[in-house]
Amino acid sequence: MIDTSETIEGAAVCGLCSSSLLMRRYVQVEDSSFYILCSKECSGAVARAQRRERWAARRQSSKRLTLAVIFLGAYLAPHQGPSKAPRASQATASRAARPSIHPQEPGWFGPDWPPSDTALLASLGRDAWLHPLSGPVRRMPRRDSRVFGAVRPGDRAPECRNGHCGVDLGGEIWGEHVYAVHDGVVDWVKRGPNPDHGGQFVRLSHQNGTVFTLYFHLAAIAPEIERGAPVRGGQVIGLLGDTGVKESGPHLHFGITVKPGKDWPEKYMDPEPLIALWPLHIPLDGSEVGLVTTVARPGVPLGSALAIPGRKRGKLARQERASDPAAGGSEGREASEGGERPAKAQAARGDDEPAADDSSSESASED
């Protein structure tokens, strides 16, 4: 201890016990701090307290260093892992526990790419679509010249076989409503005279631009149908007419194209197997409001009859007319007679045909 009676003045009490500093004074130095004390006992007590604090700090630092060494050693230590035999047994057990993978259901894109015509038709058939003409009677092509792939002159898309890239529907009522078959966006609208390219028509885009539907020979187009406008399935887009029709009567030319990918070409599909099953819209009191029925009798596609000789086609048409009273009368006779006409006579009837898939250039032509 240091005798501070001559060097430190002004302190009146002990820094530890607060006793009066009468005779002697002691100074305890810690770093840059000074403690003025009254006796050796007080000086010793302060020194012991300071030592305890220093040892507590050292123990804390030692613990931190030990933990750091443990983690570092665990990170740097080599890991051998399990032996090969157990690993092989585990792999065998996981393969045994894994359920067998069934082939993908037909009708969905992938794993086959590009999708086949069967897969495209099946995938379209799984979605909620609607027949473009109202019920309660389902309208289908009434004769062979109206089906997809019927004979048409000119340079047509190869998937359209003999030239006709759609189906011709209706014609019983001029000006009846034509409905959008699915939710989508208006891709193209043609109003006004267009005698050589299908008359007034609308083209809708569906399913993010992978499916397009086409409606030709409209007598009028609804005013809200503008390019880029959204449409709902069952919304009236126009009226059935005969614009752009040269020799046949009023009807709706309905077509479907698909574009599986952005860089893939657009391709026509035969819509007849689809409209044979799509639900029908039945209007109430002649208005746009109506009910949708899924129990309507399915149609009988005629497209497959193109590969059958004319005499057999006529026989099949007569059998269909006999089995379906709704198909009788003059339409049934036309189907029977039309089945026996040669291909050139069918082409002379002048049914319509959109010639290409580039609607933006209005290249859909009309025979």
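Distances between placed amide hydrogens fall under 5 Å for I282 paired with G135, L291, V292, T293, all partners being 5 or more residues away or on another chain.
With each label modelled as a point 7 angstrom along the Cα→C-beta vector, the S19-E224 pair spans 10.3 nm. Using the Cβ-Cβ distance between I70 and K40 with R0 = 56 Å, the FRET efficiency computed as 1/(1 + (r/R0)^6) comes to roughly 0.80.
Kindly state, to the nearest 0.05, the FRET efficiency for V137 paired with R191, given R0 = 51 Å and r defined as their beta-carbon distance. Spell out each step's value before the answer.
Values: r = 30 Å, r/R0 = 0.58.
Approximately 0.95, to the nearest 0.05.
Which order results if F71, F212, F201 are arranged by neighbouring Cβ count within 10 Å, fewest first? Could you put the intermediate results ahead of the total?
On the way: F71 10, F212 23, F201 29.
The most exposed by this proxy come first: F71, F212, F201.
Ranked for footprinting exposure by Cβ neighbours inside 10 Å, fewest first, E224, E272 give E224, E272. Here the Karplus curve 6.51 cos²θ - 1.76 cosθ + 1.60, taken at θ = phi - 60°, turns the phi angles of segment 43-51 into couplings of 4, x, 4, 5, 5, 5, 4, 5, 5 Hz, with x standing for Gly and Pro. Whole-Hz Karplus values for segment 226-239 come out as 10, 4, x, 6, x, 10, 9, x, x, 6, 6, 9, x, 10 Hz, taken residue by residue from phi with 6.51 cos²θ - 1.76 cosθ + 1.60 and θ = phi - 60°; glycine and proline positions read x. Residue separation of R297 and E159 scaled by 0.36 nm, minus their Cα-Cα distance, works out to 46.8 nm of gained length.
No value in this document is a laboratory result; all are computed from the given coordinates. Just so it is clear, the structure is predicted and the values come from calculations on it, not from any experiment. Positions of Cβ are generated from backbone atoms using ideal geometry, with glycine treated the same way; all protein chains shown enter the neighbour counts.
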